[in-house]
Amino acid sequence: MTNKKGLTLVEVLIALAVIGMLIGVFSLSLTSSLSVTETTGQEGQINQLLNQLVRRVVDGETALLSASGQSKTYDYGQLSGIISQGTISDLSSYKASIVATGSVSLSNTSITQYTITICSKNETEKCLSAVTFGPSPDDTLDGNPPGIYGGI
């Protein structure tokens, strides 16, 4: 009577095939997860830039404001002089456009509507836009937002 010890070649090959399939499924899941994480991070940074520009337009920063129907465009690599680096990984990967799309009159004050678009480039270009209101570049309000002319 012979006593076998160990595994046969067929058993070893089947075990390796099962392990290979498990590794393949795991790596696909990991790759997909990393892709989603990168996209989410990119959208988060676009939102940070968008919020920063919206605040500055609402505050009436004349360097960013354009006349009605006009736009200010900052191409890839041009935002570094306009926006602080902060937590943004690479400002050269982003471009911005600030377009004065019209004005709204409220009582005796007129405010301008601006559409701000931020785009980033990786493998594909992704853009997000926001609409806000701010003073026109012609307003001389001594740095005050529209409608606020001093103490009450």
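Any read-out appearing in this document is the output of simple, stated calculations on the displayed coordinates, not a laboratory observation. These figures come from a predicted structure and were not determined experimentally. Virtual Cβ from ideal backbone geometry, glycine too; neighbours counted across all protein chains shown.
Quick look at the values:
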read-out	value
Modelled FRET efficiency - R0 35 Å, Q78 with D138, Cβ distances, 0.05 increments	0.90
Inter-label distance, nm, simple model (7 Å from Cα along the C-beta direction), S35/V10	3.9 nm
Cut-off under 5 Å, modelled amide H: who pairs with S103 long-range	Q113
Residue-wise HN-Hα coupling along the range 98-109, computed from phi with Karplus coefficients 6.51, -1.76, 1.60 (Hz; x: Gly, Pro)	10, 10, 7, 9, x, 9, 10, 9, 10, 6, 9, 10
The range 9-134 - percent relative contact order, Cα under 8 Å, separation 6 or more	22 percent
Range of Cα positions in the range 9-134 per principal axis (Å), largest first	88, 29, 21
Electrostatic dipole magnitude of the chain [Cβ: Lys, Arg +1; Asp, Glu -1; Cα centre; debye, to 20]	640 debye
Residue-averaged 222 nm ellipticity for the chain, from DSSP H runs of 4+ at -39500 (n - 2.57), nearest 500	-12500 deg cm²/dmol
Förster-model FRET efficiency, 25 Å R0, A130 and N108, C-beta, rounded to 0.05	0.35
Highest-MSF residue in the chain out of G24, G86, G69 [GNM, Cα springs under 10 Å]	G24
